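The next block holds one structure in the form of C-alpha cells; read it before the comments.
Throughout, read-outs are computed from the coordinates displayed, never taken from laboratory work. Nothing here was measured: the structure is a model prediction, and the numbers come from that model. Because the Cβ atoms are built from the backbone with ideal geometry, glycine has one as well, and the counts that use them run over all protein chains shown.
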Amino acid sequence: MSTAKELTAPGMAARSAVILFLFVIGFTAVLATVFSMTEPTIKASAAEEEMRTIKEVLPAALYDNDLLHDTVDLPATAELGQDDNSKVYRARLAGQPSALVLQAVAPDGYAGKIRLLLAVRNDGRLAGVRITQHKETPGLGDYIDPKKDKNKSRPWITQFDGLSFDTLGEKDWKVKKDGGHFDANAGATVTPRAVVKAVRKALKFANENRDRLFVSTAAK
C-alpha cells in the first residue's frame, strides 16, 4: 500500500518546478527593468567619453554639426592599419565639409598595436593626433600618450599639429634617427617610428578619399 509521502511526491515536484519557473520569469523581468533603466545612462556616458576624445584632436571652432551622428563605417582598411571595421566622423561648419576624424592603428609598436585618433582639416592639415590605446613600456615608450609625457608644456604627440604634405614632404615623415623630421626619446625609437608611419598613412588616406567620405551615406 502506498504511503502518503509516495502519493504526494509527484505533486511536490510539480510545485517546485512551477516555483522555479516563476522565479526565473521574475528574475528575468527584474534584469530587463534594470537594463532599460540604466541603458540610457550607459549610452550617454559612452557618448560623452567618445566626444571627449574627439575634442582632444578637433577644435570646437571647426564644426557645428552632431559628430556622433554624422559618421561613415569603413571596412578593414590597410591604409589605416585596420583589420576590422572602423568609424570616420565628419565635421561640418555651416553645412560645408570642415574636417575628418579617423581611427587608425600602428600595428608595429614595441609592445603591439597602438591605436590612434586623428583629425584632418579640409585643407589637408592635421588638426591633432591622440593615442587612444597602447601597451608601450611605462617610463620609456609611453611618452606618446600626453598623459604620460613628462613634457607637459609641449607633449611629443603635438609635433603633428598643423602639419601636412605641403609643409612636410612624405620622405620627412620619419623620426630624426632615420633622417626625418620628428623627435624621439633616446632608447625608445621603435614606438614613435610606428606612430609617425601610421599618422602619415592615415593622413594620405584622408586626403585621397576626403570627397568620397563626405558624400557617403551616413552610418545608421
*asked:* Placing unit charges on C-beta atoms (Lys and Arg positive, Asp and Glu negative, everything else neutral), compute the dipole magnitude of the chain about its Cα centre in debye, rounded to 20.
replied: 380
*Quick one: helix 190-215 against the long Cα principal axis of the chain, what's the angle to the nearest 10°, folded into 0 to 90?*
80
*Total charge dipole magnitude, segment 93-220, about the Cα centre, Cβ charges on Lys, Arg, Asp, Glu only, Debye to nearest 20*: 260
*Can you give me the relative contact order of the chain as a percent, contacts being Cα pairs under 8 Å and 6 or more apart?*
16
*asked:* From the helices alone, meaning DSSP H stretches of at least four residues, give me the mean residue ellipticity at 222 nm for the chain, per-run term -39500 (n - 2.57), in deg cm²/dmol to the nearest 500.
replied: -13500 deg cm²/dmol
_Fully extended contour minus Cα-Cα distance, from residue 49 to residue 217, at 0.36 nm per residue_ = 58.0 nm
*With a sphere of radius 14 Å drawn around the Cβ of residue 130, what net charge do the other residues whose Cβ falls strictly inside it have (Lys, Arg +1; Asp, Glu -1)?*
-2
*With the dipole of segment 58-215 worked out from charges on the C-beta (+1 for Lys and Arg, -1 for Asp and Glu) around the Cα centre, which of 186, 157, 99 lies farthest toward the positive end?*
186
*Report the residue, chosen from 144, 131, 19, that carries the largest GNM mean-square fluctuation when the chain is represented by alpha-carbon nodes joined by springs under 10 Å.*
19
*Folded to 0 to 90 degrees: helix 4-57 orientation relative to the chain principal axis, Cα*: 20
*If the chain between residue 152 and residue 20 were fully stretched, how many nm would it gain, using 0.36 nm times the residue separation less the Cα-Cα distance?*
41.5 nm
*So which residue, out of 92, 52, 15, gets the largest mean-square fluctuation from a GNM of the chain using Cα contacts under 10 Å as springs?*
15
*For the chain, modelled as a Gaussian network with Cα springs under 10 Å, which listed residue fluctuates most, 164, 36, 16?*
16
*With each pseudo-label sitting 7 Å past Cα toward Cβ, what's the residue 83-residue 28 distance in nm, one decimal?*
3.9
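Shape of segment 53-166 from its Cα gyration tensor (a ≥ b ≥ c, root eigenvalues): rounded if a/c is under 1.5, otherwise prolate when a/b > b/c, or oblate?
Judged from the Cα gyration tensor, segment 53-166 comes out oblate (a/c at least 1.5, b/c at or above a/b).
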*Can you list residues whose amide H is under 5 Å from residue 175's amide H, if they're 5+ apart or on another chain and H is modeled 1.01 Å from N?*
180, 182
_Calculated Cα extents along the principal axes in Å (choose from (i) 52, 45, 26; (ii) 68, 62, 33; (iii) 99, 46, 32), label_ = (iii)
*What net charge is computed for the residues neighbouring residue 204, neighbours being all others with C-beta under 12 Å from the C-beta of residue 204, Lys and Arg scored +1, Asp and Glu -1?*
+1
*Put a dot 7 Å past each Cα toward the Cβ at residue 68 and residue 56; how far apart are the dots in nm?*
1.7
